[in-house]
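*Asks:* Supplied in structure tokens, the structure appears directly below.
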Amino acid sequence: MDKKRASIILIEGPNLNLIDLRPKIYQSKNSNSEIFQKIEQFFELIYFQSNYEGEFVDILQLIEINNIQNISENSNFLEKIDKSEKILGFLKKIEKKNIAGVIINPAALTHYSIALSDALEILTLPKVEVHLTNIYKREEFRHKSVTAKNVDFVISGAGNFGYYLAAEYIYNLIPIC
Ligand code: DQA
């Protein structure tokens, strides 16, 4: 894979679209757009946020299908995926792209979504779970991640700088050619 043309996918889970309403819990030094700009220095960034569990399953399946075959040339797998307008829009963004890896902050789904965990297990790309806060310092129900066993590793408590750290890790996995 050519490092210059690689893309990275950043996925944020439920309620992270309105993080600015909870500055006491989720304060980062930099805004998301500043962190995204830093990541865009070495990757094309494809961003997806949703409040719906099933949409994460759909897009993770799409990412894997895109990874193992050229989506537009072989639609066998695609036929099996429910395609809402939002999912189709995401498909357009990833199709024919060299995706180097996935960064995911599953938000509350981290703690209970076996469906998301299974979808992550299917995904064979490098994958990092990121939490803005240190989930081990918070309520006990947040200490368990059911998704962690299906990612390469977890970054928790570095604010949105964790997204940048995850991107660096994935960038360094790309062989120089
Ligand atoms: C979070 C931690 C989760 O427990 C919580 O439900 C979130 C955000 C974080 O980034 O710290 O929504 O994933």
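*Asks:* Take Ala115 and tell me if it is closer than 24 Å to Gly159 by Cα, outside any loop (DSSP other than H, G, I, E, B) and in contact (Cβ under 8 Å) with a residue 12 or more places away in the chain.
*Replies:* Working: closer than 24 Å to Gly159 by Cα: no; outside any loop (DSSP other than H, G, I, E, B): yes; in contact (Cβ under 8 Å) with a residue 12 or more places away in the chain: yes.
Here the answer is no, as Ala115 does not meet what is asked.
Quick grid of which residues meet (1) within 13 Å of the ligand (Cβ to nearest atom); (2) charged (D, E, K, R); (3) outside any helix (DSSP H, G or I):
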{"residue": "Ile8", "(1), (2), (3)": "no, no, yes"}
{"residue": "Leu18", "(1), (2), (3)": "yes, no, no"}
{"residue": "Gln27", "(1), (2), (3)": "yes, no, yes"}
{"residue": "Asn30", "(1), (2), (3)": "no, no, yes"}
{"residue": "Ser33", "(1), (2), (3)": "no, no, no"}
{"residue": "Lys38", "(1), (2), (3)": "no, yes, no"}
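*Asks:* If you go through the stretch 22-71 one residue at a time, how many are farther than 21 Å from Tyr163 by Cα, aliphatic (A, V, I, L, M) and in contact with a helix residue (DSSP H, G or I) (Cβ under 7 Å, 6 or more places away or on another chain)?
*Replies:* 3
Residues checked against (1) surrounded by fewer than 15 Cβ atoms within 10 Å (Cβ to Cβ); (2) free of Cβ contacts under 8 Å to residues at least 40 places away in the same chain; (3) within 16 Å of the chain's Cα centre (by Cα):
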residue	(1), (2), (3)
Ser7	no, no, yes
Asn15	yes, no, yes
Leu18	yes, yes, no
Phe42	no, no, no
Ile68	yes, no, no
Glu85	yes, yes, no
Gly101	no, no, yes
Ile104	no, no, yes
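Residue by residue, here is whether (1) buried (at least 18 other Cβ atoms within 10 Å of the Cβ); (2) part of a strand (DSSP E or B); (3) within 11 Å of the ligand (Cβ to nearest atom) holds:
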position	(1), (2), (3)
Asp82	no, no, no
Leu88	no, no, no
Lys93	no, no, no
Thr124	no, no, no
Glu129	yes, yes, yes
Tyr136	no, no, yes
Ile155	yes, yes, yes
Gly162	yes, no, yes
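*Asks:* Now for a different question. Provide a single number: the residues in the stretch 96-118 that are more than 9 Å from the ligand (Cβ to nearest atom) and more than 26 Å from Arg5 (Cα to Cα). Lay out the reasoning, then the answer.
*Replies:* Residues of the stretch 96-118 that are more than 9 Å from the ligand (Cβ to nearest atom), as a first pass: 96-104, 112-118.
Still in the list and also more than 26 Å from Arg5 (Cα to Cα): 112-118.
Looking only at that region, the number is 7.
*Asks:* Please specify each residue of the stretch 1-59 satisfying the condition of being small (Gly, Ala, Ser) and either touching a Pro at 6+ places or on another chain (Cβ under 7 Å) or within 21 Å of Leu125 (Cβ to Cβ) (or both). Full working, then the answer.
*Replies:* Taking the stretch 1-59 as the starting set, the residues that turn out to be small (Gly, Ala, Ser) are 6-7, 13, 28, 31, 33, 50, 54.
Across the stretch 1-59, the qualifying residues are Ala6, Ser7, Gly13, Ser50, Gly54.
Where a number appears in this text, it was derived from the coordinates with a stated rule and is not lab data. Values in this document were obtained by computation on a predicted structure and should not be read as measured data. Note that each Cβ is placed from the backbone with ideal geometry, even for glycine, and that neighbours are counted across all protein chains shown.
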